[in-house]
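One structure is given below, encoded as C-alpha cells.
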Amino acid sequence: MDKKLTKIINLEKSKFDEFVQSGELQLREAHLIPNFKPGDEVALASVLLSSVRLIKEFKKMILLDIKMIKKGHIYAYNEIVFPEFPKSRIDGLLLAVQGGVIKDAALFEMKNGSNDLDKDQVERYLNIAQSYSIPKLVTVSNQFVSEPTQTPVDTKTIKNVELFHFSWSYLLTLAQILLFDNELNIEDKDQIELMKEVVSYFEFDKSGVCGFNQMKSGWKEVVEKINSGTRIKNDEPNLNDTIVSWQQEEQDLALILSRKLGVLVNSGETKYRGNLKARIDNDKKVLIGEKSLDSTLKISGAVSDIKIKASFEKRIVEMSVTLKVPQDKKIRGQLNWVKRQLEACKKKNEQTFHRLQNEILIEIILKNTSKTERINIDNIDNIYEEIKDKEIKEFKILYIKDFGKSFANCRKFVETLENMLLDYYSCVVQYLSNWIQPAPKIVEEKKIETSEEKNIINNKQEKA
C-alpha cells in the first residue's frame, strides 16, 4: 500500500483490512475458544472480547461502561502491533463499525493473577492510542476500583484518550447477573449458553481470575501502630497500602453481594467518580484524624445504603442501615413499629438472628439534639420513659462486631468482614422496609342540616 496507517477513527473498515493483509498492521481475530493456554493474559483477552462481540446484553453493559457507541458491528482482535511501535504487542482491540467506517475503538491491556498494571506500560499504550486517534484504553486486572472511570495506576492524563479499568471480578459479576432470572436476562437461548461457557472459563481455577482475599501487608503495620498509640503521619510508608486495601475490599464486598442478589451493587461515593486519587487522599485524612475508615454500598430496592465503618482503635466494624420513621404515630407507636420489624427478621431467619442478636443494636436519632440512644431489641420497651418528651428523627439498625486480633490479620480480616456482610444482609437488611406516607383520602363533606330538619330529628328522638 502507498499510504501509511495514521489513524483508526473514521478509517474505512476495508482500508483497515488492507493494512492487516499487507502486514503493516499485525493482529489476530479474537476467538471464544482461544488458541492459548488457560491463564494466559491473551487467552483471557480473547474470551472477553469475543463474548462482548457475540452476546448482545453483555456487549451493552461493557460498552456502556466505557462510553463506546453501541450501534453498528463490533470487531474484536488480539495481539495488536502498530507499525510505529513494533516493540509493543497490545492484548486487545475493539472496533465499532457503522456504514463500513470505524466510528469508535478501544485498546485493551490485560493482567491476570497477582500481576498488577505497570505504569510505564499503561502510559506507553496511552501514547499509542493518541498516535492513532483511538479514544479509549481499557485496563483489566485483579485490582479493584469503585467505578470503571477510576484507575489503580497513578498515570498522567493524555489528551483525547480516556482511561478505563475493570477488575476481572467485576466482569465475572456482570456475566453472572445476566444469568439470573431478572429484567437483565439474555434473550437468545444460544447466547445464554455462550455466557455460561464464559462464566465457566473465568471461574476455572487456572484462568487467572481471582477475587480480593487479603489486605496488603501495610494494613497490619498501621493497625498495630494505631493500637500502640503511635501517631500516624501522612508520609507513613504503609498508609497507602492500608487505604488501597480497604477500597479494594469495599468493591469486592459489593461484587460478592451482587452475585448473591443478581443485581449490581455499587460502592463508593459519586463525588469520587473518575478520581481515585481524591478518594485515597480523603481516606488518608480520615484515617489519620479519626482512626477509622468508611464505606458505602448502594443496593437498588434496599431500605437504605449500607454504611460500613472500621474503627482501628477499638478493632470493631459496624454496619448500619437507616429507617424512615412513621410520621402517623407517636413515640410509643414508632418504637413498636421498629420492634415489629426486627421480630419479623428473627422469624424469617431465626438461627442466624439468634447468633447475631447480641451484636444487633437499634440507634434512635432524636431531633434537635446530637444525642443518640443505642439499645438492644430486648430493651426497646424500657427506653420510652427516657425519650417520651422528644421527637424521633430516624432509626438505624446496626450490626457491630468485635474483630479482636483478626482486625490486624490481613487474610482473616477479609474473611470475617465478608461473612459479616452476608449475615447482616440475609438476616436483617433484606427484611426491613421504610414507612411509606399513606395516600391522602377524600374527606366526605358534612351535610348541613336546616333548622326544620333538626326539629324533625329532635321530635323523633323524643318520641323514641
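Given just the C-alpha atoms of the range 307-444, how large is their convex hull per residue in cubic angstrom?
135
Along each principal axis of its Cα atoms, how long is the range 107-233 end to end? Whole angstroms, biggest number first, please.
60, 40, 29
Within the range 13-203, what percent of beta bridges assigned by DSSP are antiparallel, to the nearest 5?
Here the antiparallel bridges make up roughly 65 percent for the range 13-203.
Taking H as built 1.01 Å from N, whose amide H comes closer than 5 Å to the amide H of N142, not counting residues under 5 places away?
The list, which skips near neighbours in sequence, is W168.
Measure off 7 Å from each Cα along the Cα-to-Cβ vector at W337 and S406, then give the distance between these two points in nanometres to one decimal.
Going from the W337 label point to the S406 one covers 3.5 nm.
Using modelled backbone amide H atoms (1.01 Å from N, in-plane), which distant-in-sequence or interchain residues come within less than 5 Å of Q26's amide H?
V81
How many times 2.2 N^0.38 Å is the alpha carbon radius of gyration of the chain?
The value comes to 1.28.
Would you mind calculating the gained length between N213 and E444 on full extension (0.36 nm times residue separation, minus the Cα-Cα distance), in nm to one decimal?
Taking 0.36 nm per residue and subtracting the Cα distance, the gain is 76.8 nm.
Under the Karplus relation 6.51 cos²θ - 1.76 cosθ + 1.60, θ = phi - 60°, what is the ordered set of whole-Hz ³J(HN,Hα) values for the range 374-384, x standing for Gly and Pro?
Karplus values, whole Hz, x for Gly and Pro: 10, 9, 7, 4, 5, 9, 5, 6, 7, 7, 4.
Run the numbers for K103 and S300: contour at 0.36 nm per residue of separation, minus the present Cα-Cα distance, in nm.
Separation in residues times 0.36 nm, less the Cα-Cα distance, equals 67.5 nm.
Which three semi-axes in whole Å describe the equivalent ellipsoid of the range 188-317, each the square root of 5 times a Cα gyration tensor eigenvalue, listed largest first?
Ellipsoid half-lengths, sorted descending, are 33, 18, 13 Å.
Dividing the Cα radius of gyration by the Kirkwood radius, what Rg/Rh value follows for the range 217-431?
0.99
In degrees from 0 to 90, rounded to the nearest 10, what is the angle of the helix 239-261 Cα long axis to the longest principal axis of the chain?
Relative to the chain, helix 239-261 is tipped by roughly 70 degrees.
If you line up the Cα atoms of the range 13-203 on their principal axes, what length do they span on each, largest first, in Å?
47, 37, 32
When averaged across all projection directions, what area in nm² does the alpha-carbon convex hull of the range 289-328 cover?
Mean orientational projected area (the range 289-328, Cα hull): 4.0 nm².
Compute the angle between helix 13-22 and the longest alpha-carbon principal axis of the chain, please, reported from 0 to 90 degrees and rounded to the nearest 10.
Approximately 40 degrees, to the nearest 10.
List, in order, the whole-Hz ³J(HN,Hα) value for each residue of the range 357-372 obtained from phi through the Karplus relation with A = 6.51, B = -1.76, C = 1.60 and θ = phi - 60°; use x for Gly and Pro.
3, 6, 9, 9, 10, 9, 9, 9, 8, 9, 6, 6, 7, 8, 6, 10
Of K111/K271; K314/K412; K298/K405; K339/K441, which ones are farther than 19 Å apart at the Cα?
Going by Cα-Cα distance, K111/K271; K298/K405; K339/K441 fall outside the 19 Å limit.
For T230 and I387 in one chain, what is 0.36 nm times their gap in residues minus the Cα-Cα distance, to one decimal in nm?
Separation in residues times 0.36 nm, less the Cα-Cα distance, equals 52.5 nm.
Cα axis of helix 410-427 to longest principal axis of the chain: angle in degrees, 0 to 90, nearest 10?
50
Specify the inter-centroid distance of the range 234-256 and the range 403-417, based on alpha-carbon positions, in whole Å.
When both Cα centres are located, 14 Å separates them.
Set the Förster radius R0 to 30 Å, insert the Cβ-Cβ distance between Q327 and D181 as r into 1/(1 + (r/R0)^6), and round the FRET efficiency to 0.05.
0.25
List the residues, sorted by chain then number, that are 5 or more residues from S267 or on another chain and whose placed amide H is less than 5 Å from its amide H.
Under 5 Å from the amide H of S267: K298.
So if R0 is 22 Å, what FRET efficiency would E84 and D116 give, r being the distance between their Cβ atoms, rounded to the nearest 0.05?
E(calc), rounded to 0.05, equals 0.20.
With both bridge residues required to lie in the chain, what share of the DSSP beta bridges run antiparallel, to the nearest 5%?
85
FYI, it's all coordinate maths here, none of it is from the lab. All of these numbers come straight from a predicted model, not from anything done at the bench. When we count neighbours, we look across all protein chains shown, and the Cβ atoms used for this are built from the backbone with ideal geometry, even at glycine.
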